[in-house]
Amino acid sequence: MPEAKSRELTLYVQSRKVVTNFYRPAVVGSGSSSSSSEEALTRDLATPPSFHPEDSQAAEETFFLSDDQARCVALTEEIAMKRGYTVKVVDVAKVGRFERLVTERLRGVQTLPVLMGPGDLRVEGIENFTEEHLCGLMPAELSTVRAFTYLKVRGGDLDRIRELLLTLPQVREMHFLTGDWDVFVVLEFEGTRSNKRQVLDFVTDRIRGIPEVLDTSTLVPEYSVSKFAF
């Protein structure tokens, strides 16, 4: 089994900063008449007080992600959780020295967000944050056992052979070839407990049992990972 690669990724985003002040008009005492209350409220709204530190709370900085970047974060974290990866989200707007990040880790990056994987692997730009691209950056071990079988068949009705093979739930793909072998079949068995002997038993009993199948040759991988979504 190959050595496991790092399952830690970094997602760089860039939030926007806004400065907000919250002002509320003075509350009029309950003993005032309705007319005087309305006059006081109108006066306060027309001439709001200045925002000095002693008169009101200081301006407050708030950071927020745009909806499209927030969607990228949510999709990345969802796929990472399913595939056993961890994602560290770094907001470059809060780091302080954006130039240092560009020099060290984001060299060559044109647009954010960007998801950085091992080596030079990365997904960059909102339009590229798709399930397909993210799964490609986070390959996962298969939870099923796959095998690949070459078939040599007797000349005749290929439609009948196709129909017979497709009735077997373990047959996931079928490709008709030219050359020494006539058909290439992708088999899949649920669960990781299936072993090479069980796969070969299935091929010899079920596939070789079809009268038109003359010979088979089967490959059973020792270890498999997939970049496809599943």
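Some notes on this structure:
- As a proxy for reagent exposure, ranking Asp215, Asp120 by other Cβ atoms within 10 Å from fewest up yields Asp120, Asp215.
- Low-density loop positions, trypsin sites (Lys or Arg not before Pro), the stretch 146-198 - DSSP coil, at most 15 other Cβ in 10 Å: Arg154, Arg193
- For the stretch 141-225, convex hull of alpha carbons as volume per residue, Å³: 90
- Among the listed pairs Lys88/Lys227; Lys82/Lys196; Lys17/Lys88, those whose Cα-Cα separation exceeds 23 Å are Lys82/Lys196.
- Which of His175, His133 has the fewest Cβ neighbours within 10 Å, and the rest in rising order: His175, His133
Values quoted throughout were computed directly from the atomic coordinates according to the rules given, and no laboratory measurement underlies them. Being a predicted model, the structure only gives us computed values, none of them experimental. Virtual Cβ from ideal backbone geometry, glycine too; neighbours counted across all protein chains shown.
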